[in-house]
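Participant: Okay, handing you the structure first.
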Amino acid sequence: MSPNDLEALESICQRISLNIPEKSPWRWDKEFNLALAVIDRQDEIMVELPLTLEFSHKWDFTTIDNADAPVRDHFQASFGIVPGQKVFTMEPVNGVVLYAAWWPWGDDERISLRLGLISVSDKKLENAEVKSLICRWLKLD
């Protein structure tokens, strides 16, 4: 897939990044193969509101079963969603769904915001391809 095929997703990532505080820079989370920003609770509204506006869907513990099968299955198999966590998803673009996972910490002081991609077509995305795209979009080294 050509990177140009996903330009709309790049634009969304860039707009989301405008509200990420400087003290919470994006970095690559090797464990989950996702971009990660750790947000202080005091910045919650400033960061979450754009997610609500940019993404087509917002899922939580009570609604994830209503998501399309590839999206639902990805989250149930990869992470699971517990009360308090949210996942924001886009409509597919060329068989790829951009998502943001919103995971409050147990200390109620911070929130992990992760960005990733899910393939919802027959062509699966390799981890290296996901990392390359997201790092380029977020300007990560």
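The values are calculated or read from the model by the stated rules, or taken from the named source; none is laboratory data. This structure is a prediction, so every number in the text was calculated from the model and none was measured. Positions of Cβ are generated from backbone atoms using ideal geometry, with glycine treated the same way; all protein chains shown enter the neighbour counts. Just so you know, the surface numbers come from the protein's heavy atoms only, side chains and all, with ligands and any DNA or RNA stripped out. Shrake-Rupley method; radii C 1.70, N 1.55, O 1.52, S 1.80 Å.
Participant: Given the criteria open to solvent by 40 Å² or more (accessible area, probe 1.4 Å) and in contact with a strand residue (DSSP E or B) (Cβ under 8 Å, 6 or more places away or on another chain), does residue 92 qualify?
Facilitator: no
Participant: Given the conditions (1) more than 16 Å from residue 97 (Cα to Cα); (2) touching a Phe, Trp or Tyr at 6+ places or on another chain (Cβ under 8 Å), and given that residue 49 satisfies all but one, which numbered condition is not satisfied?
Facilitator: It fails just one condition, (2).
Participant: Got a sec? Which of 40, 29 is open to solvent by less than 60 Å² (accessible area, probe 1.4 Å) and closer than 13 Å to residue 102 by Cα?
Facilitator: After applying the criteria, what remains is 40.
Participant: Could you run through the stretch 65-101 and say how many residues are in contact with a Ser or Thr (Cβ under 9 Å, 6 or more places away or on another chain) and of a type in the set (Ser, Thr, Tyr)?
Facilitator: Number satisfying all stated conditions: 2.
Participant: Turning to a different aspect of this structure: Filter the stretch 43-79 down to the residues that are in contact with a helix residue (DSSP H, G or I) (Cβ under 7 Å, 6 or more places away or on another chain), closer than 19 Å to residue 138 by Cβ and open to solvent by 30 Å² or more (accessible area, probe 1.4 Å) and list them by number.
Facilitator: 54
Participant: Write out, first by first residue and then by second, each pair whose Cβ atoms fall under 6 Å of each other, whose residues are 6+ apart or on separate chains, and whose first residue, in the stretch 61-77, is within 19 Å of residue 124 (Cα to Cα) while the second is open to solvent by 40 Å² or more (accessible area, probe 1.4 Å) and not hydroxyl-bearing (Ser, Thr, Tyr).
Facilitator: 70/120
Participant: Identify the residue in the stretch 95-106 that is open to solvent by 10 Å² or more (accessible area, probe 1.4 Å) and farther than 15 Å from residue 117 by Cβ and, among all such residues, is modelled with the lowest pLDDT.
Facilitator: The selected residue is 106.
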